[in-house]
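Before any comments, here is the structure.
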């Protein structure tokens, strides 16, 4: 499985790493080796082999099933990776652009201090009301997707039996644009007005 050059490298590595070992360290290593199952030894060998073969190969790991002689499968694989990356970037850009439009329609001077009365309105605390769709249900919080980006929904808001696909009409506060915020999601739900359960 290993080339002679790799075996020499591993042997030198073992010698160099064991220079400071005491007798007890050597004994522990030998006991680990003797008590390891064949599965554990094979898994370690596979990991070391994978690491050595990919250490200097570059940015992309090529799965075994894609290694073909003409390279066409590899090109298709990279195109799919690029497409997925561009899709995420475009979704993030569209969400940020929607937020910019929302705040452009609601300049600071025209914002009210109190509760928001209609859709598309923002108050002085950068809170707004809109619909969102639940995309992830967690133990302590949920996440949702809206026209303005991802929304963090704390569990203490009273949503116990939410399911992926449920629609919620929420009041949420804006946490900042990606470059400036300290949180992962641009919106945090403050209250939930309506829950529409999807079947």
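No lab work stands behind these numbers, since they all come straight from the coordinates. Since the structure is predicted, the reported quantities are computational estimates derived from the model, not experimental observations. Here the Cβ positions follow ideal geometry from the backbone for every residue, glycine too, while neighbour counts run over all protein chains shown.
Results, tabulated for the structure shown:
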{"read-out": "Angle in degrees between helix 72-105 and the longest Cα principal axis of the chain, rounded to the nearest 10", "value": "30"}
{"read-out": "Average Cα contact separation per residue, the chain, under 8 Å, 6 or more apart, as relative contact order %", "value": "12"}
{"read-out": "Part-to-part distance (alpha-carbon centres) for region 167-199 and region 1-29, which is given in Å", "value": "54"}
{"read-out": "Cα-projected label distance for residue 197 with residue 22, points at 7 Å along beta-carbon direction, nm", "value": "6.4"}
{"read-out": "On Cα atoms only, tilt of 4-17 relative to the major axis of the chain in degrees", "value": "80"}
{"read-out": "Ranked by how many other beta carbons lie within 10 Å on average, peptides 100-110, 142-152, 17-27, 184-194 from highest", "value": "142-152, 184-194, 100-110, 17-27"}
{"read-out": "Histogram of C-alpha separations across the chain, 10 Å bin width, %", "value": "7, 21, 18, 13, 17, 15, 7, 1"}
{"read-out": "Listed residues 179, 170, 15, most fluctuating in the chain (Gaussian network, C-alpha, under 10 Å)", "value": "15"}
{"read-out": "Length gained when the stretch residue 111-residue 96 is fully extended (0.36 nm per residue, less Cα-Cα span)", "value": "3.4 nm"}
